[in-house]
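The values are calculated or read from the model by the stated rules, or taken from the named source; none is laboratory data. Everything numeric here is computed off the predicted structure, so don't read it as measured data. Here the Cβ positions follow ideal geometry from the backbone for every residue, glycine too, while neighbour counts run over all protein chains shown.
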Amino acid sequence: MVVKAAANLFDRNGYIETSLKDISAEAGLSKGGIYHYFSSKHEILFYIVDNYMNVLLGNVEEELKKISDPEAKIKYLMNRHLKHFNCQVPEGRALLNHARILPPSEFRYIVGKQKRYANILTDILCQMTGNDGEKRKLKAISYFIFGMYNSIMYWHDPKGPIPLKELSEICFNLFMDGWKSMSSSGIFKNT
């Protein structure tokens, strides 16, 4: 209750502009009731973004082991990414918009999880190229893909004219068309 209320308020009003008093009112608890669970607003934010990263990481590596084709793995991972985001929009936005406000050690911890998540995609791209020697380029492409998918949260209306599944398909096809073009240009060959 506290976490969902805080995530909604951080999303609606911003982290800085949201007070513990606001969170307690939104959650229907006294301020003391919040302190029973969390010692500070930073602790609430950390809990939100850490939990969101745990959801993204979840069992994804085990799930991907069941898929042999690297292209199908990417499609699965990106569909899964959008589905999780769509179910937890305020939490996803808290990660992308407010995580930098966390104390440095907590922020580094979250960034470590983000890197682990991006490395999953980078490893799949390595499978597609058969070339670990190009890992730096493939890592950049991984961040580009997540950037494209994460930007959707700023404009997509889940109740709007483009369903999430269709939007995911559009993004995937854009990526694959670009990937095929880059691959045929020889960009992934060791020099």
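Could you list all residues from the range 1-41 that are among the β-branched types (Val, Ile, Thr) and either surrounded by 14 or more Cβ atoms within 10 Å (Cβ to Cβ) or at pLDDT below 95 (or both)?
Val2, Val3, Thr18, Ile23, Ile34
Here is a list of conditions, (1) part of a helix (DSSP H, G or I); (2) over 23 Å from Ile48 (Cβ atoms); (3) over 17 Å from the mean Cα position of the chain (by Cα), and Cys171 meets all of them except one; can you say which number that is?
Every listed condition holds for Cys171 apart from (3).
Has the range 33-51 got at least one residue that is closer than 20 Å to Ser168 by Cα, of a type in the set (Lys, Arg) and in contact with a helix residue (DSSP H, G or I) (Cβ under 8 Å, 6 or more places away or on another chain)? Reasoning before the result, please.
Filtering the range 33-51 for residues closer than 20 Å to Ser168 by Cα gives none.
The answer is no, given that none of the residues of the range 33-51 is closer than 20 Å to Ser168 by Cα, of a type in the set (Lys, Arg) and in contact with a helix residue (DSSP H, G or I) (Cβ under 8 Å, 6 or more places away or on another chain).
Go through (1) touching a Leu at 6+ places or on another chain (Cβ under 8 Å); (2) surrounded by 14 or more Cβ atoms within 10 Å (Cβ to Cβ); (3) not basic (Lys, Arg) and name the single condition Pro158 misses.
Every listed condition holds for Pro158 apart from (2).
Being without any contact (Cβ under 8 Å) to a residue 24 or more places away in the chain and of a type in the set (A, V, I, L, M, F, W, C) is the filter here; which residues of the range 175-191 pass it? I'd like the intermediate steps shown before the answer.
The first filter runs over the range 175-191 and keeps only residues without any contact (Cβ under 8 Å) to a residue 24 or more places away in the chain, leaving 177-178, 180-182, 184-186, 191.
Within the range 175-191, Met182 is the sole residue that qualifies.
Which of the following residues is farther than 30 Å from Ile162 by Cα and surrounded by 15 or more Cβ atoms within 10 Å (Cβ to Cβ): Ile48, Ile74, Ile44?
Of the residues listed, the single one that is farther than 30 Å from Ile162 by Cα and surrounded by 15 or more Cβ atoms within 10 Å (Cβ to Cβ) is Ile44.
Considering (1) among the hydroxyl-bearing types (Ser, Thr, Tyr); (2) modelled with pLDDT under 90; (3) surrounded by 12 or more Cβ atoms within 10 Å (Cβ to Cβ), say which one Tyr117 fails and leave the rest.
(2)
How do the pairs read when you match residues in the range 144-164 that are under 11 Å from Asn86 (Cβ atoms) with residues anywhere that are of a type in the set (Phe, Trp, Tyr) and part of a helix (DSSP H, G or I), using Cβ under 7 Å and keeping only pairs 6 or more apart or on different chains?
That search, which allows pairs on different chains as well, returns Met153/Phe85.
Okay, residues lined up against (1) part of a helix (DSSP H, G or I); (2) of a type outside the set (Phe, Trp, Tyr); (3) within 23 Å of Asn13 (Cα to Cα):
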| site | (1), (2), (3) |
| --- | --- |
| His84 | yes, yes, yes |
| Ala94 | yes, yes, yes |
| Leu125 | yes, yes, no |
| Lys135 | yes, yes, no |
| Tyr143 | yes, no, no |
| Ser151 | yes, yes, yes |
| Lys159 | no, yes, yes |
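Anything in the range 1-37 that is in a helix (DSSP H, G or I) and of a type in the set (A, V, I, L, M)? List them, or say none. Show your work before the answer.
Restricting attention to the range 1-37, the residues satisfying the condition of being in a helix (DSSP H, G or I) are 2-13, 20-27, 31-37.
Once the filter is applied, which keeps residues that are in a helix (DSSP H, G or I) and of a type in the set (A, V, I, L, M), the range 1-37 yields Val2, Val3, Ala5, Ala6, Ala7, Leu9, Leu20, Ile23, Ala25, Ala27, Ile34.
Just one of the numbered conditions (1) within 12 Å of Ile74 (Cα to Cα); (2) among the hydrophobic types (A, V, I, L, M, F, W, C); (3) at pLDDT 90 or above is not true of Met128; which one?
(3)
Show the residue pairs that are 6+ apart or on different chains and have beta-carbon atoms under 6 Å apart, the first residue being within the range 100-127 and over 14 Å from Leu45 (Cα atoms), the second being crowded, with 17+ Cβ neighbours inside 10 Å and among the small types (Gly, Ala, Ser).
Ala118/Ser142; Leu121/Ser142; Thr122/Ser142
For residues in the range 164-179 being surrounded by 13 or more Cβ atoms within 10 Å (Cβ to Cβ) and farther than 19 Å from Leu125 by Cβ, which is modelled with the lowest pLDDT?
Within the range 164-179, the match that is modelled with the lowest pLDDT is Leu164.
Which ones in the range 61-71 are surrounded by fewer than 18 Cβ atoms within 10 Å (Cβ to Cβ) and of a type outside the set (D, E, K, R)?
Residues of the range 61-71 surrounded by fewer than 18 Cβ atoms within 10 Å (Cβ to Cβ): 61-63, 65-71.
Residues satisfying the conditions are Ile67, Ser68, Pro70.
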